[in-house]
1. Please list, or write none, the lysines whose alpha carbon is within less than 26 Å of the alpha carbon of LYS25, excluding same-chain residues fewer than 8 places away.
2. At a 1.4 Å probe, what is the % contribution of carbon and sulfur to the accessible area of the chain?
3. ALA16 to ASP133: extension gain in nm, 0.36 nm per residue of separation minus the Cα-Cα distance?
4. Please sort by residue number the chymotrypsin sites (Phe, Trp or Tyr not before Pro) in segment 59-121 whose DSSP state is loop and whose Cβ has at most 15 other Cβ atoms within 10 Å.
5. Quick check for you: with a 1.4 Å probe and neighbouring chains kept, what is the accessible area per residue of the chain, in Å²?
6. Given a Förster radius of 22 Å and the C-beta distance between ASP83 and ASP50 as r, what FRET efficiency does 1/(1 + (r/R0)^6) yield to the nearest 0.05?
7. Hey, what number do you get for the chain at 222 nm if only DSSP H runs of n ≥ 4 count, each worth -39500 (n - 2.57), divided across all residues, to the nearest 500?
8. Specify the inter-centroid distance of segment 23-38 and segment 120-150, based on alpha-carbon positions, in whole Å.
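The values are calculated or read from the model by the stated rules, or taken from the named source; none is laboratory data. For clarity, every value in this text was computed on a predicted model and none was experimentally measured. Here the Cβ is made from the backbone with ideal geometry for all residues, glycine too, and neighbour counts use every protein chain on show. Quick note on the areas: whole protein, heavy atoms, side chains included, nothing else; ligands and nucleic acids left out. Shrake-Rupley method; radii C 1.70, N 1.55, O 1.52, S 1.80 Å.
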Amino acid sequence: MAVTDKIYVKNHRQIASQIDTRFPKSAFSGATLDILFTGDLSDLDETTRDKVLDFAEDFLDCGCDSNPYCGHPERKFVRYLLDLRAQGLDPESMVNVMTDDYMVYAYPGDLYSFLDDAVRTLEAVEDLAEVDDRPDEADRASRKKRELTR
């Protein structure tokens, strides 16, 4: 299961009540993306609306014909998580930042698992690049791995 399947909308019930629409708690489910991408958000309180619009602008903004179902929102969010970790934040702090930024959250254990998988993937990339005699790629994977493990 992808980490984006484990990202949830904070105050989900309150938001659903404000816009009088039912949608899943998962931030990246199809129905939730529909509401964020095309729904009427005018009934949301100003703070919530600003956070929802920030999320939509930062992750749902691409030129694909199949947007928001093209996979770009999930990839952008994964990059966001990796950037937070590269800034030195632990998973608990990452949850706090993403909640403050976008009113979404995850369980820290899910982020620990995601980061562990990312490190293992980078180790594999580094090993394969060395075998394939691509030292620049091996160095790049090694640097990224160090960013995630400090």
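1. Of all the lysines, those that pass the test against LYS25 - Cα under 26 Å, at least 8 places apart if same chain - are LYS6, LYS10, LYS51, LYS76.
2. So the carbon and sulfur contribution to the accessible surface is 46 percent.
3. Working it through step by step, the gained length comes to 36.8 nm.
4. Taking segment 59-121 and a limit of 15 other Cβ atoms within 10 Å, the loop chymotrypsin sites (Phe, Trp or Tyr not before Pro) found are TYR69.
5. Spelled out: the 1.4 Å probe surface of the chain, per residue, equals 58 Å².
6. The computed FRET efficiency comes out at 0.55.
7. It lands at -21000 deg cm²/dmol.
8. That distance is 35 Å.
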